[in-house]
Each structure stands twice: as C-alpha cells, then as structure tokens.
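Heads up, the thing below is written out as structure tokens.
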Amino acid sequence: MLRIAALPVAAVALSGCTVPAFGARPGPTTTSKSVFHLWQGFSVGAMVIGAFVVLLILYAVLRYRRKGDAIPKQTQYHIPLEMVYTVVPILIVFGLFAATLVVENKEVANPKTNVIVDVNAFQWGWKFSYPGTSTVVVGQTTENPTMVIPVNTDVHINLTSTDVIHGFYVKAFNFSRYALPGVDNQFTIRAVNTGTFFGQCTQLCGLYHSLMYFQVKVVTMDQYNSWLSNNSNPSAAQASNTANQQQTSTHVPSKPTASSGAN
Ligand SMILES: [Cu+2]
C-alpha cells in the first residue's frame, strides 16, 4: 500500500518534466522550479488518493448494495485496519510537510553573493538601486521600471517600503514577499533562464496600486555589467536618494492612464 503510494512521488522526483503541470509553470528561477515540482507532487498525490477513495466508494456501493431486507453482517473494531487508515494519512501529511520544508528552506536561503539589489516600494512605484554602483532605476505607475539582473547568479534582494505595505510579486518566479515599512526583507533569486518577466504590487496600497507594475529582466553577466555602467548616473542616484526620503503619500503621478481592467 505504502509502496503504491510512493510510486507517483518517485515518478515526480525522477522525471518532473513528464508529469503534467496542473496549471502551474516552472518559471525561470531555481526556486520557481522547486515550487513547481512541489505543486506537481501535491497534485499527483491528491489525484492518487482521490482515485483510491472513489474506487473504495464504488466498491462499497456495488458490492454491498441492497439485496432483500436482511441487514448484512455488521463489523467494527477491526484494529489493524483502523491503525492503517490512521497511520497512513499521518505519514502522508508528514511527507507533504517535509517536501514543503525543503522547498521553503531553499526559498529563504541567502547564499553569499556579490550581486545585490536594493528594492524599495513606495506609493506607487518601485526603486531598484545597485549598492556599490551609482545605478538607480525609479519608476511609478505606468512607467513600469525594470530591474535588471544577471542569469545563473545569486542575486540578493533587500526589500523595503517607504510608506505602507506593498507586495513584491513576480508571477513567473512563483514568488511573493511583503515590502514592509521599517523592515528589511531579504531573499535571494537565482534565475537560470534569460527573459523579461512581469511583476506587480500584490498588496492593496492606495489609489494607484493597480498600476504599480515593474519588470525583471534577466540578462547575461556581460550584458548586466554593460547595462550597469551605461546606466550609472551619480547625480541621479544622489537626487533619487534625497527624493526617496521626501516621498509622501501625496506623491500623485502626473498622468495616471488608469484602466480599471488593468488588474
Ligand atoms: Cu503597492
């Protein structure tokens, strides 16, 4: 019985790519792929158990359907069977818990790296600054600022908020974190595919929350380095730092091309 239950789990572990996606996507980062495989494992497990339960129900319905008025033999207190149906679900829950723990530990691991991005959320936009350089990208609402990061490299993110709670969410990364005022939320992303990925604020944070977009662009290390030097702007970095300190909730974008269907 346990061996049968272990089969689909082994199938997922050994050949994650041939198992159906169940509506999710592997995404471009190491952790997005882990989350995806966890989702596949949960889905396969749920389907196996669901099928098992349906078969048992069908068996009971057909085998013990009413045949005359005699009450069939009543049985209870089958201790071994009761132990099995208590212990097996507990083992399954432990298995799901352990698999989740492994993936979550990957998500919160912060390996040492030289690539650091300070991500600051504010009403209603994002500021991406690269410590040790004078490169700063700021954009609000429809300006859609872009965070550029190198591929196959651990990128350490320091996530903060200037005013209220925001949510840093990149759908393709299968990842979301709060940006909290007064809290430095740290995490590490390691993208293994290049590309441009859509991100947005996921915490209702005020008037133009629905326009609080950004992009993450994953490029090669060479492209990243040349982008950094091309966008280095000491005076802008200085100005942006000062501006950031002065940002208030009255900072309203000049042209909010609001489309209510945008979000
Ligand atoms: Cu927000």
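The values are calculated or read from the model by the stated rules, or taken from the named source; none is laboratory data. Being a predicted model, the structure only gives us computed values, none of them experimental. All Cβ positions, even for glycine, are placed from backbone atoms using ideal geometry, and neighbour counts span all protein chains on display. Accessible surface is based on the protein model in full, side chains and every heavy atom, while ligands, DNA and RNA are left aside. Shrake-Rupley method; radii C 1.70, N 1.55, O 1.52, S 1.80 Å.
Taken along its three principal axes, the alpha carbon spread of region 2-108 comes to 63, 26, 19 Å, from the longest extent down to the shortest.
Over region 33-114, accessible surface divided per residue gives 83 Å², non-protein components excluded, 1.4 Å probe.
Around the amide H of VAL115, modelled in the peptide plane, lie the amide H atoms of HIS156, all under 5 Å away and 5 or more residues distant in sequence or on another chain. Taking R0 as 25 Å, what FRET efficiency do you get between LEU91 and ALA24 from their Cβ-Cβ distance, rounded to the nearest 0.05? About 0.50, to the nearest 0.05. Taking the simple approach of a point 7 Å from Cα along Cα-to-Cβ for both ASN233 and THR146, what is their distance in nm? Roughly 1.4 nm, to one decimal. Cross-link partners for LYS217 among the lysines, with Cα-Cα distance under 17 Å and sequence neighbours closer than 8 places in the same chain left out: LYS127, LYS171.
For region 36-85 versus region 120-142, the inter-centroid distance based on Cα atoms is 56 Å.
Each Cα pair under 8 Å and six or more residues apart adds its sequence gap; the mean of these over the residue count of region 115-249 is a relative contact order of 30 percent. The label-point distance for MET221 and ILE71, in a model that sets each label 7 Å from Cα toward Cβ, rounds to 7.8 nm. Each DSSP beta bridge with both residues in region 88-241 is either parallel or antiparallel, and the antiparallel ones are about 70%.
Our estimate of slack between ASN185 and LEU62, defined as 0.36 nm per intervening residue step minus the Cα-Cα distance, is 38.6 nm.
Label separation (VAL108 vs VAL48): 2.8 nm, computed from points 7 Å beyond Cα along the C-beta direction.
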